[in-house]
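Here's the structure, in structure tokens; my notes come after.
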Amino acid sequence: MQELEKILEEINEIEDEYTNEDHDIMFKLGAAGIAVYIKDIIRKHMNEKVTTNDLISRQALLDDFRNTITENSDTFDWLNMIARQPTVNKGDGWIPVEERMPEAPEMEDEYPEFNVMIEGAKTPTTLQYTHEGIWVDDYGNAYDVIAWQPLPEPYIPRNQNKPEEHYPEWRAKLLSKFDRRE
């Protein structure tokens, strides 16, 4: 989900770039409108479980986004741009310990928790990772871990993150770009 947040930040930057004084008002409204539309799509999917087919290259999307914006572009152009993005093969999310370990906690008394597969186990569990690089349970027992992955984001009910809740904020932001009464 952090990747989607980074994409939202970059779309905000691009939106600011294309809604500046160098463009006519209709172009600014179109660029801002489609940016809101794309950001709402991203927000809608931020709390969903992502499948491999849903993953797209962040850089490819941003590059295509910049190339698609023209004085004559319309919503259809933008939707085609998103649809033609290549998918990214993410795998199953497990990271073998031979490949890499989590970053060591900064504080000695901090023990971040991860989903892990213990050697010989049939189901995953959660363990804490110490600053010494040891996997332990709540009682301090050490385990041999063969793969790990970060914990998922906490569940947020869908009704708490509806795109409609963001419209007043976006409408105010959009209108403030054109209000030059100073």
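The values are calculated or read from the model by the stated rules, or taken from the named source; none is laboratory data. Computed from a predicted structure; not experimentally measured. Don't worry about glycine lacking a Cβ; one is built from the backbone with ideal geometry, like all the others, and counts go over all protein chains shown.
Overview of results
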quantity	calculated
Residue tally, condition among the aromatic types (F, W, Y) and within 16 Å of P112 (Cβ to Cβ), over segment 132-155	3
Residue list for segment 1-32, restricted to those being assigned to a helix (DSSP H, G or I) and free of Cβ contacts under 8 Å to residues at least 40 places away in the same chain	Q2, L8, E9, N12, E13, E15, D16, E17, M26, A31
Residue in segment 59-79 that is at pLDDT 75 or above, among the small types (G, A, S) and under 25 Å from the mean Cα position of the chain (by Cα) present	no
Residue in segment 81-90 that is modelled with pLDDT of 70 or more and among the hydrophobic types (A, V, I, L, M, F, W, C) present	no
